[in-house]
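Encoded as structure tokens, the structure appears first; notes follow it.
The values are calculated or read from the model by the stated rules, or taken from the named source; none is laboratory data. Nothing here was measured: the structure is a model prediction, and the numbers come from that model. All Cβ positions, glycine included, derive from the backbone under ideal geometry; neighbour counts span all protein chains shown. Just the protein is used for accessible areas: all its heavy atoms, side chains included, with ligands, DNA and RNA removed. Shrake-Rupley method; radii C 1.70, N 1.55, O 1.52, S 1.80 Å.
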Amino acid sequence: MIAQIYACLVTYLLINDSQAAGMVANIVVQQLSYYFLGCAFAILSIANILIRRGSSPLKNIRLPLLILMMAVAVVSFLLIPRMDYLRDTALIDGMPVMLSPFANYFQILNVLVMLLLLTQIISSALVAWRLVDSEST
């Protein structure tokens, strides 16, 4: 998650064209989503096995992991492809997406992506905190 935050911030700070920066940041988010989903699935599977064997403190990480998985899936497989489609449609018409008729819709999708990325960060931090907390007890 730290790499995702860092990559998005660096692209927006270093690239002057906001549309190109958004495209690069979305590609980074989509590529990292496969790793996040794989890690979350592995942690959830191992936690479920350990819960069956009597490690009940790990029950606390199930809900944040499911929230993390849903947020990653929605962003990477629903919202970003739709934003790419809107961007491509605007570029075919010869204008940037913020000057196209889809600008308001694109802005709403962009805000949703940012909120879900914040949700990913919070839920992953919560999972890490609860894993460390369950280890100490």
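Taken as Cα centroids, region 2-75 and region 93-137 sit 10 Å apart, rounded to the nearest whole angstrom.
Net charge near residue 102: determine it from the other residues with C-beta under 14 Å of the C-beta of residue 102, scoring Lys and Arg +1 and Asp and Glu -1. Present the calculation step by step, with values, prior to reporting the outcome.
Numbers: positive: 82, 87; negative: 84, 88, 93.
The answer is -1.
Note on exposure: 39, 8 ranked by accessible area (1.4 Å probe, complete protein assembly) read 39, 8, with the most exposed listed first.
Rounded to the nearest whole Hz, the Karplus-based 3J(HN,Hα) values (6.51 cos²θ - 1.76 cosθ + 1.60, θ = phi - 60°) of region 62-78 follow the sequence 5, 5, x, 5, 5, 5, 4, 5, 5, 5, 5, 5, 5, 5, 7, 10, 10, with x at glycine and proline.
Restricting attention to region 37-136, which trypsin sites (Lys or Arg not before Pro) occupy a DSSP loop and are surrounded by at most 10 other Cβ atoms within 10 Å?
Numbers: sites: 52, 53, 59, 62, 82, 87, 130; in loops: 53.
Sparse-neighbourhood loop trypsin sites (Lys or Arg not before Pro): 53.
Note on the chain: helix-only mean residue ellipticity at 222 nm, from DSSP H runs of 4+ residues weighted -39500 (n - 2.57) and normalised by residue number, equals -27500 deg cm²/dmol.
A simple count of charges around residue 66, restricted to other residues whose Cβ falls under 14 Å of its Cβ and scoring Lys, Arg +1 and Asp, Glu -1, yields +3.
Of 1, 98, 70, the residue with the largest accessible area leads and the full order is 70, 98, 1 (1.4 Å probe).
Shown in residue order for region 26-41 are the 3J(HN,Hα) couplings computed by the Karplus curve 6.51 cos²θ - 1.76 cosθ + 1.60 at θ = phi - 60°: 5, 5, 4, 4, 5, 5, 6, 5, 5, 5, 5, 5, x, 5, 5, 5 Hz (x for Gly and Pro). For Cα Rg over 2.2 N^0.38 Å, several values are listed as [x] 1.10; [y] 1.26; [z] 1.18; flag the one computed from this structure. Checked against the structure: label [y].
On the chain, 70 percent of the accessible area sits on carbon and sulfur atoms, based on a 1.4 Å probe.
Charged side chains reduced to their Cβ positions (Lys and Arg at +1, Asp and Glu at -1) give the chain a dipole of some 620 debye around its Cα centre.
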